[in-house]
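Right, one structure below, let's go through it.
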Amino acid sequence: MWFCEITASKDDVEILTIKKFRGDLAYRKQEFQKALQEYSNCLELLPATNFSMGRDIREGQARCLVHLGRPREALSVAEKLRQEATNSDHLTTVLYLWLAIYQSLGALEKAILALQQLASLHPFNPWTWKKLAEVYLRLGPAKSSPSSPPLNGFPSADQAFPAPLTSSGRDPLSCSPDGQNRPDRPRRRFSPGAESGKAAACRHGREMEEGVAGFPGLPAGGRRVGSAVKIRVPEGSTEFRAKACCSFVRARLLLQLIESQQTSFALEKNLKAQKEIEDRVKTFGFEEETLLLISEVRFNGTSGTVP
């Protein structure tokens, strides 16, 4: 690597580039302490007006801190990035950082909130929905198990960490199947004013009570409003499994939509994911009629929520 061979340079831009690349290489080699040091040295020399590289370096620092078992410091860096976010790309970066931190601590509820925000920002990304479903499945057993001891000296995930940015309460699926925004879709907010974790949990709980996995027209009683179609949740199925199933269905439909546009390894990855989702959906025990109805709701432009 050319940037490993250069030991001295008088060009400030080149010095910054060398340190940044060395940090990236160390991170790739999983030498996280070395990468953190390179990023820190680079940040000290970086002009305050170079916002783009500054965000990139701080993201690298936060990810190193996660791997080094220093989540509080990583969250501090992520919070600074959140306060400076001015567009959806910036916010996406912050949410992925939060997701990595919360998952490293086993704070699955917070990880779900981050994934919900990512689904709101990128509602047609099948991989976000697939990941959301997987975390829902992990949350179910975690909820039913005895409380775990504090992680790394923290009292609890809820007390130690702020909740991710939340949307205005409308669902990530508030856009039509053709990808155009619906007239009633809320505008994005990038202000630091986030809904508290407790308030978000209460709101999501209310939405869950209004329907099976939050889908309008699918009440918890098991019948579709204004229709004779019977909707039955399999016996013994938890709300987390129902939400996971709905998220998996969403992911599969989106993968099918982009399948014709893909070739080579991208298509292979797509088909493999579809097969995996199909196998997992079968284990939930939902009737085929129910799955078809959920799919119909997704692509008839009906707004729903997977809380």
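The values are calculated or read from the model by the stated rules, or taken from the named source; none is laboratory data. All values derive from a computational prediction rather than experimental measurement. Ideal geometry is used to build each Cβ from the backbone, glycine not excepted, and the neighbour counts take in all protein chains shown.
In table form, for the structure just shown:
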item	result
Condition check for Arg82: assigned to a helix (DSSP H, G or I), surrounded by fewer than 21 Cβ atoms within 10 Å (Cβ to Cβ) and among the basic types (Lys, Arg)	no
Members of the range 58-111 found to be without any contact (Cβ under 8 Å) to a residue 60 or more places away in the chain, among the hydroxyl-bearing types (Ser, Thr, Tyr), under 24 Å from Pro47 (Cβ atoms) and out of contact with any Leu (no Cβ under 7 Å at 6 or more places or on another chain), listed by number	Ser76
Residue within the range 91-109 that is in the same structural domain as Arg55 (by the TED database), among the aromatic types (Phe, Trp, Tyr) and surrounded by fewer than 22 Cβ atoms within 10 Å (Cβ to Cβ) present	yes
Some residue of the range 63-71 being surrounded by 13 or more Cβ atoms within 10 Å (Cβ to Cβ), in contact with an Asp or Glu (Cβ under 6 Å, 6 or more places away or on another chain) and in a helix (DSSP H, G or I)	yes
Count of the range 95-143 residues which are within 10 Å of the chain's Cα centre (by Cα) and more than 23 Å from Cys246 (Cα to Cα)	3
Residues of the range 238-279 that turn out to be surrounded by fewer than 17 Cβ atoms within 10 Å (Cβ to Cβ) and under 12 Å from Leu137 (Cβ atoms), as a count	1
